[in-house]
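The values are calculated or read from the model by the stated rules, or taken from the named source; none is laboratory data. Here the structure is a predicted model, which is why all the values come from computation and not from measurement. Cβ coordinates were reconstructed from backbone atoms using ideal geometry, including for glycine residues, and neighbour counts include every protein chain displayed.
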Amino acid sequence: MSSPAPALALALSQRGRGLSPWWQAGPFATVFVLFFVVPLALILAVSFWNFNEYELLPAFSFRNYLSIFDGCGHLNARGDFCVTLATYLSTLKFCLLVWGITLILGFSVAYFLAFHVRSPGVQTALFMLCTVPFWTSNVIRMIAWVPLLGRNGLVNEVLVGAHVVERPIEWLLFSDFSVVLAFVHLFTMFMIVPIFNSMMRIDRSLLEAANDSGASGWQTLWNVVVPLSRTGIIIGSIFVITIVMGDFVTIGVMGGQQIASVGKIIQVQTSYLQFPLAAANAVILLAVVLMIIWGLTRLVDIRREL
């Protein structure tokens with residue numbers, strides 16, 4: 001009669017192997033739940049609370065969401081959208097402009113580094129050069145534009161001195177232009193990195209095959225490079241869009257506190273201790289951003305491509 005010990009040991013070993021992945025994923029799952037799921041759940045819960053000038057009232061109510069969309073069912077007396085829709089349209093406008101400009105710049109820089117710089121050492125050096133702006137604070141980089149773009153700044157002095165314009169240009173600072181310029185300056189790198197990573201994975205023999213088939217440079221770019229770089233383009237687009245949608249510091253500094261955005265509204269509401277209203281706005285903003293990300297991820301299966 002054989003001993004049951006080997007069979008028991010085999011069963012325990014198989015059970016241990018089955019539990020091993022769960023133990024490995026446990027710490028990461030705990031961090032994910034504590035620092036992502038729980039805060040989001042709290043924000044969602046607070047968004048349904050009431051509040052007054054003195055305290056928060058933890059009672060379920062749709063008051064905050066109704067106040068956000070108050071008057072949005074029709075145009076106002078001046079023929080404009082309600083504050084919420086106008087703010088979202090303004091934010092989406094900045095988002096679209098910044099996305100388009102950073103995509104063109106990021107793709108161009110990544111293409112140059114990936115296909116025109118042959119030396120890996122030079123490639124690394126130029127890539128590191130692109131990261132130099134990230135060695136300083138975002139606020140410092142934004143403030144650096146003020147003495148350049150101000151009414152009495154360097155740009156206006158040069159233009160007036162060269163008689164290009166008769167008087168200083170007012171819209172260079174504290175305007176939509178300065179906000180977009182700052183966004184592009186701050187976030188182009190988020191587009192360069194994923195696109196460059198995708199381009200470096202392209203098999204160079206495909207480019208040679210396209211060239212041997214008689215394709216022009218533009219045809220090769222559009223039919224070979226762009227499709228094979230779409231994963232990087234989508235990832236970079238997600239980075240840029242999500243950051244711009246929730247940003248309030250850049251718009252506040254470069255817009256002179258005169259330009260509204262969804263992030264700016266949430267920041268003002270929290271400063272006035274209107275936390276339930278700010279939470280409701282945050283939930284709506286999150287829903288809009290998730291819909292945009294969902295639409296982008298429909299264009300390419302990022303998990304499979306990576």
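The single condition from (1) under 30 Å from P147 (Cα atoms); (2) of a type outside the set (F, W, Y); (3) in contact with a helix residue (DSSP H, G or I) (Cβ under 7 Å, 6 or more places away or on another chain) that L181 fails is (3). Residue selection: M199 satisfies the criterion of being farther than 19 Å from I293 by Cβ, over 18 Å from the mean Cα position of the chain (by Cα) and at pLDDT 90 or above.
Here L299, L277 are screened, and the one residue that is aliphatic (A, V, I, L, M), touching a residue at least 12 places away in the same chain (Cβ under 8 Å) and in a loop (DSSP other than H, G, I, E, B) is L299.
A count restricted to the range 137-151 and to residues that are free of Cβ contacts under 8 Å to residues at least 40 places away in the same chain, within 26 Å of the chain's Cα centre (by Cα) and surrounded by 17 or more Cβ atoms within 10 Å (Cβ to Cβ) stands at 1.
Checked against the criterion of being within 20 Å of F248 (Cα to Cα), in contact (Cβ under 8 Å) with a residue 12 or more places away in the chain and surrounded by 20 or more Cβ atoms within 10 Å (Cβ to Cβ), the candidates F134, F187 yield just one match: F187.
Quick grid of which residues meet (1) under 24 Å from I238 (Cβ atoms); (2) free of Cβ contacts under 8 Å to residues at least 12 places away in the same chain; (3) exposed (fewer than 15 other Cβ atoms within 10 Å of the Cβ):
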{"site": "I104", "(1), (2), (3)": "yes, yes, yes"}
{"site": "F112", "(1), (2), (3)": "yes, yes, yes"}
{"site": "A125", "(1), (2), (3)": "no, yes, yes"}
{"site": "G153", "(1), (2), (3)": "no, no, no"}
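Residues in the range 251-289 that are crowded, with 22+ Cβ neighbours inside 10 Å, within 15 Å of V46 (Cβ to Cβ) and among the polar types (S, T, N, Q): N281 alone. Do the conditions hold for I241, that is, is it assigned to a helix (DSSP H, G or I) and either within 15 Å of the chain's Cα centre (by Cα) or closer than 24 Å to H116 by Cβ (or both)? When the stated conditions are applied, I241 passes them.
Does at least one position in the range 240-263 carry a residue that is out of contact with any helix residue (DSSP H, G or I) (no Cβ under 9 Å at 6 or more places or on another chain) and either in contact (Cβ under 8 Å) with a residue 60 or more places away in the chain or closer than 30 Å to C82 by Cβ (or both)? Yes, that holds for at least one residue.
Only one of the numbered conditions (1) touching a Phe, Trp or Tyr at 6+ places or on another chain (Cβ under 9 Å); (2) loosely packed, with under 13 Cβ neighbours inside 10 Å; (3) at pLDDT 90 or above; (4) of a type outside the set (V, I, T) is not met by W171, and that is (3).
In the range 218-247, of all residues being closer than 10 Å to P194 by Cβ and of a type outside the set (A, V, I, L, M), the one that is surrounded by the most Cβ atoms within 10 Å (Cβ to Cβ) corresponds to G236. Comparison of F69, F62 shows that the only residue that is at pLDDT 75 or above and surrounded by 11 or more Cβ atoms within 10 Å (Cβ to Cβ) is F69. Within the range 197-209, residues that are touching a residue at least 12 places away in the same chain (Cβ under 8 Å) and surrounded by 13 or more Cβ atoms within 10 Å (Cβ to Cβ) sit with their Cβ atoms under 6 Å from residues that are part of a helix (DSSP H, G or I) and among the hydrophobic types (A, V, I, L, M, F, W, C), at 6+ positions apart or across chains, in these pairs: M199/A110; M199/A114; M200/A114; I202/L228; L206/V224.
Restricting to the range 158-210, give me the number of residues that are within 27 Å of F107 (Cα to Cα) and part of a loop (DSSP other than H, G, I, E, B).
Residues of the range 158-210 that are within 27 Å of F107 (Cα to Cα), as a first pass: 172, 175-210.
Then drop every residue that is not part of a loop (DSSP other than H, G, I, E, B), which leaves 175, 201-203.
The total comes to 4.
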